[in-house]
Amino acid sequence: MENQTKLNVYLFQPQYAVERRKENTYWLPYSAGCLWTYANTFPEVQERYQLAELGFKREDPRNIIERMKKQPPAVCGFSCYVWNEKYCLSLAQLVKQNFPDVKIVFGGAQASNRLLDYPFIDSVIIAEGEESFVDFLTAETPKQTYNRQRLTNLEIPSPYLTGIFDKLIAENPNALWSMTFETNRGCPYSCTFCDWGGVTYSKVRRLELDRITKDLEWAIGKPISYIICADANFGIFKERDLEIARILRRVADSSGVEAINLQYAKNSTEIVFQIAQIIGEYSKGVTVSVQSMHDVTLEAIKRKNMDVNKIGNLMELSKQYNVGTYTEVILGLPEETLNSWCEGLCKLLELGQHNSIDMWFAQLLERSEMASPTSIEKYKISRISSSDYFALYNSNDYKDIQEEIELVNGTSTMSLEDIVTGYMYGWLIIQWHISGYSQQVAKTVRYQNVSYKKYYDTLFNMVQQHKIFGNHFKELKSLVTTYLKQGKLDIDETKSHGHNMHSFSYEFLYNNKQAAYDLAIECGEHFINLTESDKFTQKHFLFDKDTKYPLYCKDIVINPQLQDTTDFDFYALRRKNLLKNNITKKEITNAHARTHYSTSR
């Protein structure tokens, strides 16, 4: 039973639930757990306070207030991020209205002195919070702002090993959980678009390997389905991180973990492919970080990119290790132009990235250099406060409070119209090339010394004039334009979000894959005469559940990646990149080829 003579502390790190295996998966509130676990080692905190609740989900704030009436709060702490700031502010205000004497403190990536403009917030903790939270709890009169230096000694207790998360799991027996762990803190980079570099740019400090091992082994026997590493650059400590990867794999093999997400070192080397190979099927692949391919932009955002040859080498390593890669680019960064953006996307294809590209709108994150008044003035950055940006919504979450984020919708070198056109060009590369509807033709044309840029510039124009795809293109372009002007989508939020508006096209293209094939071929034949094998390869690159495999054409053999095609879930298979068939070359008899190719036309 809770000690009724102690003061009650409530800590909140609310996040959206994710549906996995048709069950709700919640995030264990790692940051809030770290705060309490550390603070509770101090006798003056132990004697005075007790943890009444560790909030981890978005629920109706009125339900929380009702629970608080049984154990009135003395302190409420909020770990604040872009995906929960509005919810935290609404809940904090309601708490203060019902319990006027409560002390409310905000921390997390979104915390800055700006939050002190809200009269219901008493204090703000900036940067790492453990020591500052102890200062706040033990102060006779708390300060408004706490901004301690980073911890120099990371021999600190783990929330996984003190039982507070076991209590959450026991109280929610029907939930699955996602687990965050860290092996170090700090980032040696200072990218201006990132609040990480701006906050922690300095020496990277490591946690003890024994602590990391115990944290991960804690997941065995627990309903943990997903593990994410909070490090900025996993793989930066080569041999140590290889050992941690082996621990991760052992834990995943011994538990119910389905996926592991590592944020790899910015300047990737062969080590990250070795790590990904160890993680195996639990890995989503290796990040080949670029953000932009424009040298002037990279200079502006303090992000000196890998040289072009190195990116190409990494693509070759991905083949050697049989490990997928993915590349993320950011639209609307300083000094980027429409032309440099389009050229950059095609340069990625030239360097061998045919597996996965994702694009983000540039965001102005709290405490990032790019969000500073100096940068905004220098690069003439205009922005829109946008809702519905992240694809995080769950039908079981409380949805009356919408989150917002500042998105760049114009700079001195890209107008809003340029950004919209750039988005649609990115749509073309992602939906047509990466998804596979034109990839084989584009590669064939490239082998004849026609650049990807020439091919996709031509296809970009043809798509807009097409009888099927033209209207779809216009509708999506209008949606993107409206979103960047108004900051919201006038559609069902469960169908699309600002980040993934292009996802509207996934099923549309698949349902019209014959027309997409015809258009890709027509575009290719603007440049070269495509052979029967060229056309065959493109036509059957995308899986078709009504086709009998394998297929043959001369020396080409096509087999699906899928082992079992009876349960065809389009979106699940697309996310796993299983809709693209395997294409191999093999010597076969002419009779064999004639027999099988006749069934594929």
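The values are calculated or read from the model by the stated rules, or taken from the named source; none is laboratory data. Everything quoted here is computed from the prediction, not taken from an experiment. Cβ placement follows ideal geometry from the backbone for every residue including glycine, while neighbour counts extend to all protein chains displayed.
Below are the figures for this structure:
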item: Helices (runs of 4 or more DSSP H) fully within the stretch 430-491 counting 2 or more residues that are surrounded by fewer than 15 Cβ atoms within 10 Å (Cβ to Cβ), assigned by TED's automatic domain parsing to the domain that holds G332 and without any contact (Cβ under 8 Å) to a residue 24 or more places away in the chain; result: 452-465, 469-486
item: For D307: the one exception among (1) modelled with pLDDT under 90; (2) more than 25 Å from K454 (Cβ to Cβ); result: (2)
item: Residue within the stretch 348-365 that is more than 22 Å from T287 (Cβ to Cβ) and more than 23 Å from the chain's Cα centre (by Cα) present; result: no
item: Options E377, E404; residue that is in the same structural domain as L479 (by TED's automatic domain parsing) and more than 30 Å from Y87 (Cα to Cα); result: E377
item: The lone exception for Y321 - which of (1) under 26 Å from S382 (Cα atoms); (2) aromatic (F, W, Y); (3) in contact with a helix residue (DSSP H, G or I) (Cβ under 9 Å, 6 or more places away or on another chain) it fails; result: (1)
item: Checking N577 against (1) on the phi > 0 side of the Ramachandran plot; (2) assigned by TED's automatic domain parsing to the domain that holds F361, the condition it does not meet; result: (2)
item: Subset of the stretch 4-49 [outside any helix (DSSP H, G or I) and hydrophobic (A, V, I, L, M, F, W, C)]; result: L7, V9, L11, F12, A17, V18, W27, L28, F42
item: Matching entry among Q486, Q431 (being farther than 22 Å from K580 by Cα and among the polar types (S, T, N, Q)); result: Q486
item: In the stretch 201-228, the residues that are surrounded by 21 or more Cβ atoms within 10 Å (Cβ to Cβ) and modelled with pLDDT under 90; result: none
item: Where M293 falls short, out of the listed (1) outside the structural domain of W177 (by TED's automatic domain parsing); (2) of a type in the set (A, V, I, L, M, F, W, C); (3) assigned to a helix (DSSP H, G or I); result: (3)
item: Selection from the stretch 501-549 of residues that are closer than 26 Å to L562 by Cα and of a type in the set (D, E); result: E507, D518, E532, D534, D544, D546
